[in-house]
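Chemist: Please see the structure below; I have some questions.
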Amino acid sequence: MARIIIIDDDDALREALVRILTEAGHTVAATVNGFEGVKLFRAEPADLILTDIMMPYGGLPTIRVLHGDFPDLKIIAMSGGGQPRLDSAGGLGANRTLAKPFLAQQLLDAINDVLAPGPS
């Protein structure tokens, strides 16, 4: 399974995501904002970043920095802020986007698709 870093400022959602992904067999680390997420990734690289878009040191700058420095890193962006924000995340390098709220199975399917060998 994969090592995944979750970046989200919503404590309840972050904890739920950690539980879902851990139960699915992934190794998970989590943090509360993009700045801390970038620091965590640089210290302990992961296979995939799952990041919120609307949070302190937001997801768009986080995606820009991580994709710029690590172009092969897989990133899934999530937001309840509407399709334009999700489209922006895709344009900055996110491999997949998820509109909040989403089902656990939708998340797991997106992760499996992004981490599957070949283009995503």
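Chemist: Cα centroid distance between the range 8-40 and the range 75-108, in Å?
Modeler: Centre-to-centre distance over Cα atoms comes out at 15 Å.
Chemist: Along the positive direction of the dipole of the chain (beta-carbon charges: Lys, Arg +1; Asp, Glu -1; about the Cα centre), which of Met78, Gly34, Gly68 reaches farthest?
Modeler: Gly68
Chemist: What share of Cα pairs, in percent, lie more than 21 angstrom apart in the range 34-114? Intermediate values should be presented prior to the final figure.
Modeler: Numbers: 670 of 3240 pairs.
The calculated P(r) of the range 34-114 puts 21 percent of pairs beyond 21 Å.
Chemist: Just to compare against my own numbers: the Cα pair-distance distribution for the range 38-84, 5 Å bins, whole % per bin, please.
Modeler: 5, 20, 34, 25, 11, 4, 1
Chemist: Further question: Apply the Debye scattering formula to the range 3-44, with a single equal point scatterer on each alpha-carbon and no solvent, then give log10 I(q)/I(0) at q = 0.14, 0.15, 0.16, 0.27 Å⁻¹.
Modeler: Result of the Debye calculation: -0.28, -0.32, -0.36, -0.90.
Chemist: If we sort 80-93, 39-52 on the protection proxy, mean other Cβ atoms within 10 Å, highest first, what's the order? All intermediate terms of the calculation are to be shown ahead of the outcome.
Modeler: Numbers: 80-93: 15.9, 39-52: 18.5.
Ranking, from highest mean packing down: 39-52, 80-93.
Chemist: What length, rounded to one decimal in nm, is gained on full extension from Phe102 through to Asp11, with 0.36 nm per residue of separation minus their alpha-carbon distance?
Modeler: This chain segment gains 31.1 nm when fully extended.
Only the coordinates and a few stated rules stand behind these numbers; no lab work does. All of these numbers come straight from a predicted model, not from anything done at the bench. Glycine gets a Cβ as well: all are built from the backbone with ideal geometry, and neighbour counts include every protein chain shown.
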